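Data first, discussion second: the structure below is written as structure tokens.
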Amino acid sequence: MYIKDQKVIISAAITGATHVPSMSPYLPKNPDEIIESAIEAHRAGAAVVHIHARGENGKPTTDHGIFHYILSSIRQECDAVIGITTGGANGMSVEERFSVISKFQPEMASANGGSMNFNYNKLLTNVEHPVYEWEQEYVERTWDNVFRNSFRDMEYCIRTMNEYGTLPEYEIFDYGQLNNLKILKNQGVITQPIYIQFVPGVQGGMPANNETLMFMFDQARKILGNDIKYSTVGVGRKMFKLETLCALNGGNVRVGMEDGLYIDPAGTLAKSNAQQVFKIKKILEDLDFETADSEEARGLLHLKGKDNVNF
């Protein structure tokens, strides 16, 4: 008997907090560009948009006024599921990063699976004159950066999301972080369905290759159960290969300029998040997958609905 594949959820991570404006003229670098790019990505086929905030000078921020402007503007203009970051940006305190959950009570938000070295100090090696003065110091300081997510931090983050009905999107950067989730589940901290976002390719975490992802998919199911759902970040020039691999193995996909600035392996810069969304959507449809719209994604992920947020 033929069993129809479940629809694939496309997420678009709009700007992130790693890439800096000097790396691409197309990176959304201020609130209005983030809003416009998120709406375009949704219209191109992204059921979910993942949001970091940036100020007018392009620098990542957790300023609640800027965040509210971005989130509410996107919500007014489209039906996308809006997920927000708790990873923030390097240099932010844990309290800063997590404050957005109780403030905005989104449908979903990232929840990091553990502490790690998170380094990207060489990003501007080939850039002679950065667009903004803050960029050089911002990337160089990650050489001595530890991305803190202690068990105390993780428990606080997850319990806060449970309280407000926000689905944690567990960002997993390395193998041991799967076991962290198992511990938190066994302790009763994790109570909602488990949705994992694998994040390979960060310097300090697991490598981005087929073998690693196949191992992680297998181990995630063995450690956390076959009822989990998952997606994969497609890093850099490997974006579309890794996304396709994830979909072929029962997962969802995430593209976007937070994860990679390119549209092909040759290093051609993507001109928009929508361009990346359009490409992965075509790949999926050419492979006979159906893609979920935002309401279908809400059902698949058991989200509380767009009318129950605080923005």
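The set of residues in the range 117-173 being loosely packed, with under 15 Cβ neighbours inside 10 Å and in contact with a strand residue (DSSP E or B) (Cβ under 8 Å, 6 or more places away or on another chain) consists of W143, V146. Candidates are the residues of the range 53-68 that are outside any loop (DSSP other than H, G, I, E, B) and farther than 13 Å from K103 by Cα; the one that is nearest to the chain's Cα centre (by Cα) is A53. Test V235 against the criterion of being of a type in the set (V, I, T) and surrounded by 21 or more Cβ atoms within 10 Å (Cβ to Cβ), and give yes or no. It is false that V235 is of a type in the set (V, I, T) and surrounded by 21 or more Cβ atoms within 10 Å (Cβ to Cβ).
Could you go through the range 294-301 and let me know if any residue there is hydroxyl-bearing (S, T, Y), outside any loop (DSSP other than H, G, I, E, B), buried (at least 16 other Cβ atoms within 10 Å of the Cβ) and under 19 Å from the mean Cα position of the chain (by Cα). Yes; the residues of the range 294-301 include at least one that is hydroxyl-bearing (S, T, Y), outside any loop (DSSP other than H, G, I, E, B), buried (at least 16 other Cβ atoms within 10 Å of the Cβ) and under 19 Å from the mean Cα position of the chain (by Cα). The condition (being touching a helix residue (DSSP H, G or I) at 6+ places or on another chain (Cβ under 8 Å) and over 25 Å from E243 (Cα atoms)) is satisfied by just one residue among N57, N30: N57. Just give me the residues in the range 239-261 being within 15 Å of the chain's Cα centre (by Cα) and either open to solvent by 20 Å² or more (accessible area, probe 1.4 Å) or at pLDDT below 95 (or both), in sequence order. Matches in the range 239-261: E258 only.
Of all residues in the range 150-157, one or more are of a type in the set (G, A, S), free of Cβ contacts under 8 Å to residues at least 60 places away in the same chain and within 30 Å of G225 (Cα to Cα).
Among residues of the range 209-229 that are surrounded by fewer than 18 Cβ atoms within 10 Å (Cβ to Cβ), those with a beta-carbon under 6 Å from a residue that is among the charged types (D, E, K, R) and part of a helix (DSSP H, G or I) at least six positions away or on a different chain give the pairs I223/K182. When each of K306, K279, K271 is tested for being in contact (Cβ under 8 Å) with a residue 60 or more places away in the chain, touching a strand residue (DSSP E or B) at 6+ places or on another chain (Cβ under 9 Å) and open to solvent by 30 Å² or more (accessible area, probe 1.4 Å), the lone residue that passes is K306. Of all residues in the range 21-52, those satisfying the criterion of being open to solvent by less than 20 Å² (accessible area, probe 1.4 Å) and touching a Pro at 6+ places or on another chain (Cβ under 7 Å) are L27, I34, S37, H52.
The values are calculated or read from the model by the stated rules, or taken from the named source; none is laboratory data. For clarity, every value in this text was computed on a predicted model and none was experimentally measured. Neighbour counts run over all protein chains shown; Cβ positions are idealised from the backbone, glycine included. Ligands, DNA and RNA are excluded from the accessible area calculation, which covers all protein heavy atoms including side chains. Shrake-Rupley method; radii C 1.70, N 1.55, O 1.52, S 1.80 Å.
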